[in-house]
Amino acid sequence: MKRLLIAEPAARDLEEIVDYIALDNPIAAESVYRGIVGAAQKLPQFPALGRPGRHPETRELSVSGLPYLIVYEVGAEAVTILAVFHTARDLAQALRERMHGADLSELIADITPESLHGKVDFDKPGEER
């Protein structure tokens, strides 16, 4: 099975999404976090799960039940998450900005629950780590 990696910009996307939602509703933030991470964790076993992406050599996975899209690329040994976007965004423009001139080789880390978890401590709503 392939490894699951996350580019630093995608990790920041997820953290910002969760932090923003947690300002009003920490329980909803946890649900969104779990939904996005749960979808991402399927990708190493099923890398073709998403549709062909808008940017060359990428794929896009809609997160079931949530208005979020995971943009990723499939390599020989790993699936790399490049971005996590809300579907209300102009995705084509956001991807062009994100991908233009990006050297993602230095921005990639293995995905673990600890690496994906934002600053919000879901066990103690409203507190930061």
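The values are calculated or read from the model by the stated rules, or taken from the named source; none is laboratory data. Note that the structure is a prediction, hence the values are computed from the model and not measured. Methodologically, a virtual Cβ is constructed for each residue, glycine included, from the backbone with ideal geometry; neighbour enumeration extends over all protein chains shown. Side chains included, ligands, DNA and RNA excluded: accessible areas come from the protein's heavy atoms. Shrake-Rupley method; radii C 1.70, N 1.55, O 1.52, S 1.80 Å.
Checking each residue in region 1-29 for being farther than 20 Å from residue 43 by Cα and open to solvent by 40 Å² or more (accessible area, probe 1.4 Å) picks out 16, 19, 20, 23, 24, 25, 27. Of all the criteria given as (1) buried (at least 20 other Cβ atoms within 10 Å of the Cβ); (2) more than 11 Å from residue 84 (Cα to Cα); (3) out of contact with any Gly (no Cβ under 7 Å at 6 or more places or on another chain); (4) not hydrophobic (A, V, I, L, M, F, W, C), the one not satisfied by residue 59 is (3).
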